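Here's the structure, in structure tokens; my notes come after.
Just so it is clear, none of the values below were taken in a lab; they were calculated from the coordinates. In this text the structure is predicted, and so the values were computed from the model without any measurement. Because the Cβ atoms are built from the backbone with ideal geometry, glycine has one as well, and the counts that use them run over all protein chains shown.
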Amino acid sequence: MDGFSQKNAADYFKSGRLKEDSLKDYRAAMLDFSKAIQLDSANYNLWYHRGRCKDALGDHLGAIHDFNRAIELNPYVPAVYYSRGDAKAEIWDYTGSQIDIAKAKQLKPQLAKILYVRGVSKFKSGNLKAACIDWEKAHETGSPEAKKMIDEHCK
């Protein structure tokens, strides 16, 4: 193999993020994140993003496994707890979900505000469905403003 054809973990991560965020090709993104994990298994962000892809594809247990590993590697990232809480809710583990959401809020008390503002941005760009998802998450983490937006736009 020549030097130009060898990819490192960062290359796979960038490729995976493009596929995850821009293309919404979660299966292909998951493969890139898996390759990156083989090269750098101590990077919590790789586990987190692969977990997000698994969750988007309906593999909530697999997502929880990846989120658990991400938390083991870095227990101070609120988004990982939030994502794990969301996945737990999908498998009816509501107690576990609430614990994770509370931990996310503890680590980043302004999380509700962040989600609310992101929802407003998505709404203004014409993506009502994504805005409603963010507002639901913001409402769950304590945003009264998000509840108003849900009532006005998401019913």
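Tabulated results
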| read-out | value |
| --- | --- |
| Relative contact order of the chain, pairs being alpha-carbon contacts under 8 Å that are 6 or more residues apart, as % | 12 |
| Rg(Cα)/(2.2 N^0.38 Å) for region 9-101, N = residue count | 1.01 |
| Cα-only Debye scattering, region 92-136: base-10 log of I(q)/I(0) at q = 0.23, 0.28, 0.32 Å⁻¹ | -0.78, -0.88, -0.96 |
| Helix 60-73 vs. the chain, principal-axis angle (Cα, 0 to 90°, nearest 10) | 80 |
| Whether region 1-56 is rounded, prolate or oblate, judged on the alpha carbon gyration tensor where a/c under 1.5 counts as rounded | oblate |
| Where the Cα pairs of the chain fall when distances are cut into 5 Å bins, in % | 2, 10, 16, 18, 20, 16, 10, 4, 2, 1, 0, 0 |
| Under 16 Å from residue 35, Cα to Cα: lysines that are on another chain or at least 8 residues apart | 7, 14, 19, 54 |
| Total charge dipole magnitude, the chain, about the Cα centre, Cβ charges on Lys, Arg, Asp, Glu only, Debye to nearest 20 | 360 |
| 3J(HN,Hα) from dihedral phi, region 83-93, Karplus parametrisation 6.51/-1.76/1.60, rounded to Hz, x for glycine, proline | 5, 5, x, 5, 5, 5, 4, 5, 9, 6, 8 |
| Contact order normalised by residue count of region 12-55, Cα under 8 Å, 6+ apart, percent | 39 |
| Between 0 and 90°, nearest 10: helix 144-153 axis offset from the chain longest Cα axis | 90 |
| Mean separation of Cα contacts under 8 Å, 6 or more apart, over the residue count of region 111-153: relative contact order % | 41 |
| The chain: angle of helix 44-56 to the longest principal axis, Cα-based, in degrees nearest 10 | 60 |
| Among 67-75, 133-141, the order from most to least packed when residues are scored by Cβ within 10 Å on average | 133-141, 67-75 |
